[in-house]
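S.K.: A single structure is presented below for examination.
Values in this text are rule-based calculations from the coordinates and carry no lab data. These numbers come from a predicted model, not from an experiment. Using ideal geometry, Cβ is built from the backbone for each residue, glycine included, and neighbour counts are taken over all protein chains shown.
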Amino acid sequence: MDNHSQDMVEFGPQTHVLVTGGAGFVGSALVDLLIARNCSVTVIDDLSNGLLSNLPTDHPHLTILTFRVGDPAFNATVHDEVGRADAVFHLASPIGVELAHKERFAVTSGILESGCAIVEACRFHRRPLLYTSSSEVYGSGRDRPITEADPVMTDLRPRWGYAAAKAAVEHLVAGLFFDLGIPTWIVRPFNMAGPRQRSATGLVLPVFVNAALRGEPLVVHDDGEQRRAFLHVADAAEGLLMVMQSRCLRGRPVNLGGSEAVQIGNLAKMVVETAKTSAPIVMKPSNAVYGERFAVTYDRVPDTSLLTTMTGWRALRSTRQTIADCIEYIRTERAMA
């Protein structure tokens, strides 16, 4: 099978896949799935967020390159690797609300540079591309499940540089399909969680888990009534594969997330209960943590009916299982440290 001549990709023994950010939390789960399907995989990751220990480094079908996508010194290598691939997943990105708020220039430029490098290489070699954007593009959220038709909202507060950059790359990826006929897919993930997610990223669930296991306060911002829906990383990886195998989803944004809405204050209670600790839960205004210019998000829960209708995908793991798996991973990592 020559996937280079196809506008769809079948993931199997004859398929070579490039995954940027493949040593990261979601990327490594995707690599696990691809290798389980006997694909050969090349990972590009600068290890700013990812870890080599997340990957089966000695697997004969896995190649790992450690540099930053978007660094001009490696543009030729990116072109070569895209040219060898049958499909490209672009997951490499800075992560974390705190980082986006504090380092706007670096985060925004990093997303744009890596996105442009991958898009240009896929344009030149006409390779299928799946791009992971972010639910951050929806801004402060809605009091109902968010659909792909909801407007993208940003302003010039520091947090939204991340969202604006993600949205800009979405336009480039959509242009590959609608203007040039190259198959592309745009995924907007909502609150992925589970094994291999680290508290250093500042993401809420591992931060809560790390605090609970240390017996330290779990800090809930504002009134704790803001709602999120958490998706287990294994379900997320399955969703990414299923999106890229759907002709109907080419060139359009697709929400990927959980369906169980949970208030953040209640999430903290669930973590303490599941971890079986007596760690306290404290409330703190978000502007006391991030400053007055911090953009607060309220309810951000996805409507994933488009993905489910077009692919049959459904989340198989509950929020409680996701919490338990995150606790087990971080507990194990602490024991091995």
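S.K.: Send over the Kirkwood Rh of segment 82-188, from the inverse of the averaged 1/r over different Cα pairs, rounded to one decimal Å.
M.R.: About 14.3 Å, per the Kirkwood formula over Cα pairs.
S.K.: Which far-off residues, 5 or more places away or on another chain, put their amide H under 5 Å from the one on Leu218, with H placed in the peptide plane?
M.R.: Placed amide hydrogens put Ile281, Val282 under 5 Å from Leu218.
S.K.: Scattering from the C-alpha atoms of the chain alone, worked out with Debye: what is log10 I(q)/I(0) at q = 0.08, 0.09, 0.11 1/Å?
M.R.: Log10 I(q)/I(0), no solvent term: -0.35, -0.45, -0.68.
S.K.: By per-residue mean of other Cβ atoms within 10 Å, what is the highest-first order of 214-220, 152-158?
M.R.: 214-220, 152-158
S.K.: Quote the charge dipole size of segment 23-108 about the Cα centre in Debye, to the nearest 20; the model charges only the Cβ of Lys and Arg (+1) and of Asp and Glu (-1).
M.R.: 140 debye
S.K.: Please check: in the Gaussian network model of the chain (C-alpha springs, under 10 Å), which one of Pro60, Pro302, Pro195 has the largest mean-square fluctuation.
M.R.: Pro60
S.K.: Now, a different point. I'd like to know which of Val207, Pro145, Gly265 lies farthest towards the positive end of the charge dipole of the chain, counting +1 on Cβ of Lys and Arg and -1 on Cβ of Asp and Glu.
M.R.: My answer, from the dipole projection, is Gly265.
S.K.: Now, a different point. Using only the Cα atoms of segment 172-249, what semi-axes does the equivalent ellipsoid have when each is the square root of 5 times a gyration tensor eigenvalue? Give whole Å, largest first.
M.R.: 35, 14, 11
S.K.: For Lys166, go through the aspartates and glutamates and keep the ones whose alpha-carbon is under 15 Å away, minus same-chain ones fewer than eight residues off.
M.R.: Glu113, Glu136, Glu148, Asp155
S.K.: If you project the alpha carbons of segment 98-150 onto the principal axes, what extent comes out on each, in Å, largest first?
M.R.: 43, 29, 11
S.K.: In terms of modelled amide H atoms, which long-range or inter-chain residues lie less than 5 Å from the amide H of Thr63?
M.R.: Answer set, sorted by chain and number: Val41, Thr42, Val43.
S.K.: For segment 50-123, what is the convex hull (Cα atoms) projected area averaged across all directions, in square nanometres?
M.R.: Computed as one quarter of the Cα hull surface, the answer is 5.8 nm².
S.K.: Which listed residue (Ser134, Cys116, Gly96) has the Cα farthest towards the positive end of the charge dipole for segment 86-138, taking +1 on Lys and Arg C-beta and -1 on Asp and Glu C-beta about the Cα centre?
M.R.: So the residue furthest toward the plus end is Cys116.
S.K.: Next question, about the same structure. Pairs of Cα atoms under 8 Å, at least six residues apart: use those to get the relative contact order of the chain, whole percent.
M.R.: 18 percent
S.K.: Equivalent ellipsoid semi-axes for segment 128-182, as square roots of 5 times the alpha carbon gyration tensor eigenvalues: give them largest first, rounded to whole Å.
M.R.: Each semi-axis is √(5λ); the values are 23, 14, 9 Å.
S.K.: Okay, next question. For segment 187-337, take the alpha-carbon Rg, divide it by the Kirkwood Rh, and send me Rg/Rh.
M.R.: Over the Cα atoms of segment 187-337, Rg/Rh equals 1.00.
S.K.: For segment 107-117, just list the computed ³J(HN,Hα) in residue order, Karplus coefficients 6.51, -1.76 and 1.60, θ = phi - 60°, integers in Hz, with x standing in for Gly and Pro.
M.R.: For segment 107-117, the Karplus curve yields 5, 5, 5, x, 5, 5, 5, 5, x, 5, 5 Hz.
S.K.: What is the projected area of the convex hull of the Cα atoms of segment 1-131, averaged over all directions, in nm²?
M.R.: 7.6 nm²
S.K.: Which value, in debye to the nearest 20, describes the size of the charge dipole of the chain about its Cα centre when Lys and Arg Cβ atoms bear +1, Asp and Glu Cβ atoms bear -1, and nothing else is charged?
M.R.: 480 debye
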